[in-house]
1. Just the residues that are crowded, with 22+ Cβ neighbours inside 10 Å and part of a strand (DSSP E or B), please, taken from segment 1-14.
2. V195: assigned to a helix (DSSP H, G or I), at pLDDT 95 or above and touching a His at 6+ places or on another chain (Cβ under 8 Å), yes or no?
3. Could you tell me how many of the residues in segment 281-303 are farther than 13 Å from T253 by Cα and not in a loop (DSSP other than H, G, I, E, B)?
4. Out of the residues in segment 15-70 that are part of a loop (DSSP other than H, G, I, E, B) and among the hydroxyl-bearing types (S, T, Y), which is nearest to M91 (Cα to Cα)?
5. Where in segment 331-377 are there strands (runs of 3 or more DSSP E), lying fully within it, with 2 or more residues that are touching a residue at least 24 places away in the same chain (Cβ under 8 Å), among the aliphatic types (A, V, I, L, M) and more than 19 Å from R268 (Cβ to Cβ)?
6. Answer yes or no as to whether A244 is within 22 Å of R92 (Cβ to Cβ), at pLDDT 95 or above and buried (at least 23 other Cβ atoms within 10 Å of the Cβ).
7. Please state which of the following conditions K366 fails to meet, knowing it meets all the rest: (1) closer than 25 Å to A3 by Cβ; (2) more than 23 Å from the chain's Cα centre (by Cα).
8. Take the residues in segment 100-124 that are among the hydrophobic types (A, V, I, L, M, F, W, C) and at pLDDT below 90; name whichever of them is surrounded by the most Cβ atoms within 10 Å (Cβ to Cβ).
Amino acid sequence: MDAFRIEGGHRLKGTVRVNGSKNAALPLMAAALLTDQPVTLHDVPNLSDIRNLCKLLEELGCTCERDGGTLRLHTTDISNSRASYEIVSTMRASICVLGPLLAARGRAEVSMPGGCAIGERPVDLHLRGLRALGAEIDLEQGYIVARSKRMHGTKLFLGGQFGSTVLGTANVICAAALAEGQTVIEQAACEPEVVDLCNLLLAMGAKISGQGSPRVIIEGVPSLSGAEHRVLPDRIEAATYMAAAGITNGDVTIENCPTDVMTAITDRLHHVGLNLETIDGTDPMRQTVNITSDRRLAPVAVTTQPYPGFPTDVQAQLMALLTLADGNSIITEKVFPERFLHVAELSRMGANLYRQGPTVMVIGVKQLHAAPVMASDLRASAGLVLAGLAARGVTQINRVYHLDRGYEHMETRLQALGAEIERISV
């Protein structure tokens with residue numbers, strides 16, 4: 001099993017390019033099941049989650065050919081509609097094949113999803129939306145079994161206890177794209193990754209309006225064609241490298257940065273004391289920005305929310321940064337209230353953290369100290385890496401396979417910025 005060994009205390013300096021978004025790429029890949037023509041995606045990150053979904057798509061009759069950052073997908077065999085437990089259990093995002101399979105083949109059998117241990121994430125909103133379109137859905141031996149001869153458009157509500165559902169919205173949009181008539185989704189997820197999916201579907205011949213707002217309207221079409229599409233940059237990866245620059249008092253230039261969809265993130269980082277200067281602002285979704293930080297990091301209060309609020313996927317990285325702020329910060333988790341497994345590990349490194357339900361008070365300390373720590377989920381892993389970059393001594397982060405799900409070769413990219421970090425086998 002791999003681990004990271006990090007010698008802290010080195011200031012990051014240099015340039016890093018943001019990769020295509022994992023959270024956008026996975027539903028885009030699943031959309032290839034909607035057509036028998038080739039779909040070509042550019043700027044696809046080379047991550048374990050991407051490779052696992054390729055395996056699943058190939059089981060479902062869709063060939064996947066990678067050439068650098070380009071992924072060519074072509075569905076040529078529709079005989080199998082069963083997404084097996086062996087693959088789906090490795091990552092929750094596999095659920096994104098449910099809507100496309102049901103729409104294109106009239107049947108889908110998808111194992112209940114696995115993924116990170118960050119709290120309860122039910123699929124009831126996915127099923128509610130597909131049932132509203134006319135699907136018959138049963139749970140059989142751990143599988144979601146959905147059937148429909150032809151779905152019909154309707155008006156439906158996708159809000160849940162903690163807001164809208166990103167993958168649920170993606171599933172319903174994909175299903176509605178081939179349904180008969182008009183579908184209106186209220187409380188649709190507004191995330192840019194959903195907009196990116198809609199842009200691909202539009203290129204494939206779908207009729208969609210309102211994407212990026214809580215009300216999305218889909219006019220069903222008889223069939224979809226192939227298309228070519230570039231995946232939007234990963235706003236979570238960009239935020240992670242911004243925080244890495246801040247926690248090391250660094251000077252980092254970030255290319256291909258989607259600042260246009262990062263306002264909540266950059267607002268909080270600005271208040272902490274990070275300075276963001278746009279060097280190339282021609283395309284607001286692919287800017288080049290320079291990140292430096294004040295010597296004094298200021299405390300802030302932040303609450304995670306669905307987009308356009310502060311993303312839950314940056315909560316752990318911000319917490320790591322705020323451990324060194326001069327004062328008390330408050331972080332409240334409104335999306336996944338149990339997403340605090342990194343709190344105990346950061347405390348092992350000398351962070352002063354107090355949790356009360358969905359809220360953590362972060363009392364800033366002068367110095368973090370190296371310690372052996374355990375990664376519990378993808379974004380918690382990133383938070384621990386940031387803490388290790390700033391800590392005094394040598395930190396070992398175990399179980400970094402979580403990190404490999406969302407960050408491509410993070411250790412080599414940090415090395416290029418001057419970090420003393422290496423991957424080791426333990």
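The values are calculated or read from the model by the stated rules, or taken from the named source; none is laboratory data. No experiment lies behind these values; they were computed from the predicted model shown. Heads up, the Cβs are rebuilt from the backbone with ideal geometry, glycines too, and the neighbour counts pull from every protein chain shown.
1. Taking segment 1-14 and keeping what is crowded, with 22+ Cβ neighbours inside 10 Å, we get 4, 6, 8, 12.
Scanning segment 1-14 gives F4, I6.
2. The answer is no for V195.
3. 3
4. S21
5. Hits in segment 331-377: 372-374.
6. Details: within 22 Å of R92 (Cβ to Cβ): no; at pLDDT 95 or above: yes; buried (at least 23 other Cβ atoms within 10 Å of the Cβ): yes.
It is false that A244 is within 22 Å of R92 (Cβ to Cβ), at pLDDT 95 or above and buried (at least 23 other Cβ atoms within 10 Å of the Cβ).
7. Status for K366: all satisfied but (1).
8. Among those residues, the one meeting the criterion is I118.
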